[in-house]
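Reading through the structure tokens given below for one structure.
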Amino acid sequence: MADIEYFVEKSHRRTLSLAVKPDGSVVVKAPLFVRNSDIKRFVDSHADWIAKNVIKNAARSERISHVEPLTEPELKALKKKARELIMPLVHEYAEIMGVTYGTVAIRAQKSRFGSCSGKGNLNFNCVLALCPEGAMRYVVVHELCHRRHMNHSRAFWSMVEDYMPDYKEHRLWLKRNGDVLMARIGKQE
Ligand SMILES: [Zn+2]
């Protein structure tokens, strides 16, 4: 087996941690007192995990390498379209669930499809307008269920399932296509 190349960042932490960066480099975060030989042993013992993640990251980079980011006017149009598609769903589900909500913002974010604040203000990502209807519906149901459960507890997921029995299929679609969709946002927010 070839030696694994890695970078070590030592700091006042208590445990060793391992990460594979998007470019495939391996970084070990280590406490100041840990010897280099122990760090090497730690890395070697995680060789399979590292190999798996290097491949995963390379596949991800390949998937998003051909994605053309949306232009400013395209993003603006997409936000408008997303609002038109999402607002009726928010109304519909809030009513059948019997929950309230505050403001609804449509954003161009690279990190998430939706969020719900403690005050009930909802955020939705404009890329939802590029998703299948079921996936968009799932994000609306998900965020509105946070009006009852501000967490991802078993009770939360069972509420999601009550209102959308096939939600797992849509969640999986978003998981599989999320990186390509987010790459279309470019450098926004
Ligand atoms: Zn959530």
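Just a few scattered comments:
- Arg60 passes every criterion in (1) surrounded by 14 or more Cβ atoms within 10 Å (Cβ to Cβ); (2) touching a Lys or Arg at 6+ places or on another chain (Cβ under 9 Å) apart from (2).
- Any hit, region 46-56, residues being on the phi < 0 side of the Ramachandran plot, surrounded by 14 or more Cβ atoms within 10 Å (Cβ to Cβ) and charged (D, E, K, R): no
- Any hit, region 70-77, residues being modelled with pLDDT under 95, part of a loop (DSSP other than H, G, I, E, B), of a type in the set (Val, Ile, Thr) and in contact with a Gly (Cβ under 9 Å, 6 or more places away or on another chain): yes
- Residue check, Met136 farther than 17 Å from Gly178 by Cα and in the same structural domain as Gly178 (by TED's automatic domain parsing): no
- Filter result (of a type in the set (D, E, K, R) and surrounded by fewer than 13 Cβ atoms within 10 Å (Cβ to Cβ)) within region 93-107: Glu95
- Search result, residues across region 158-186 that are buried (at least 16 other Cβ atoms within 10 Å of the Cβ), assigned to a helix (DSSP H, G or I) and either among the aliphatic types (A, V, I, L, M) or within 13 Å of the ligand (Cβ to nearest atom) (or both): Met159, Val160, Tyr167, Arg171, Leu174, Leu181, Met182, Ala183
The values are calculated or read from the model by the stated rules, or taken from the named source; none is laboratory data. Keep in mind it's a predicted model, so treat the numbers as computed, not measured. Using ideal geometry, Cβ is built from the backbone for each residue, glycine included, and neighbour counts are taken over all protein chains shown.
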